[in-house]
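The values are calculated or read from the model by the stated rules, or taken from the named source; none is laboratory data. On a predicted model such as this, the values are computed, not experimentally measured, just so you know. All Cβ positions, even for glycine, are placed from backbone atoms using ideal geometry, and neighbour counts span all protein chains on display. Ligands, DNA and RNA are stripped out before the accessible areas are found, and what is left, the full protein with its side chains, is counted by its heavy atoms. Shrake-Rupley method; radii C 1.70, N 1.55, O 1.52, S 1.80 Å.
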Amino acid sequence: MACDPEVSMREIVDHLAARGYRRPGFMSGAKALSTGLGRQRCFAENWRARGVAQVPELAAGAYDFPSAEACLRQYMARTPAHERIDVLMCENDVLALGALDVAQREFGLRVPQDLAIAGYDGVGLAGMSMFDLTTYEQPMSAMVAALVDMLLGRREPASLTLTGRLVVRGST
């Protein structure tokens, strides 16, 4: 069960483009998850439809704070300031929170003025004032209810695509 990446990424890109961002990047985690690959593909496709030929990938390799921090740190060190992305979409909120922390603490970037950051999932920490992270919130209650129904035999086991919602906060 997951949110439809075509729908969610279209909503996210529409929001980011409306805010004036034009140099997007995507931070990925582990390459083994099809949900993440779908998010990345759909994010890039939506930007291509807006005339952005290339969306740089920042590959964290794992889904944790230290990996996100190291990934953004390396990107910042190797990329001249005038060539840097102006908005970073992260495959999930954990990556976004790690990137947000290192962007502000180590590089003194103002979020969203210098670098906007968005995540995906809707974890509780994202809404805390110290992070104020824009995220795409997955419908966890509906996902759990459908899974329980399948496990108890009240519903045929099947792959489901549910609709979440974009939660806009101060990071974009």
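Filter the stretch 14-31 down to the residues that are among the hydrophobic types (A, V, I, L, M, F, W, C) and in contact with a Phe, Trp or Tyr (Cβ under 6 Å, 6 or more places away or on another chain) and list them by number. Break it down stepwise before answering.
We begin by selecting, within the stretch 14-31, every residue among the hydrophobic types (A, V, I, L, M, F, W, C); these are 16-18, 26-27, 30.
If the condition is that a residue be among the hydrophobic types (A, V, I, L, M, F, W, C) and in contact with a Phe, Trp or Tyr (Cβ under 6 Å, 6 or more places away or on another chain), then 26 is the only one that fits.
The requirement of being more than 30 Å from residue 156 (Cβ to Cβ) and out of contact with any helix residue (DSSP H, G or I) (no Cβ under 8 Å at 6 or more places or on another chain) is fulfilled somewhere in the stretch 63-71, by at least one residue. Please verify whether the stretch 72-91 includes one or more residues that are of a type in the set (S, T, N, Q), closer than 24 Å to residue 138 by Cα and at pLDDT 95 or above. No - not one qualifying residue is present in the stretch 72-91. Of all residues in the stretch 34-55, those being touching a strand residue (DSSP E or B) at 6+ places or on another chain (Cβ under 7 Å) and open to solvent by 50 Å² or more (accessible area, probe 1.4 Å) number 1.
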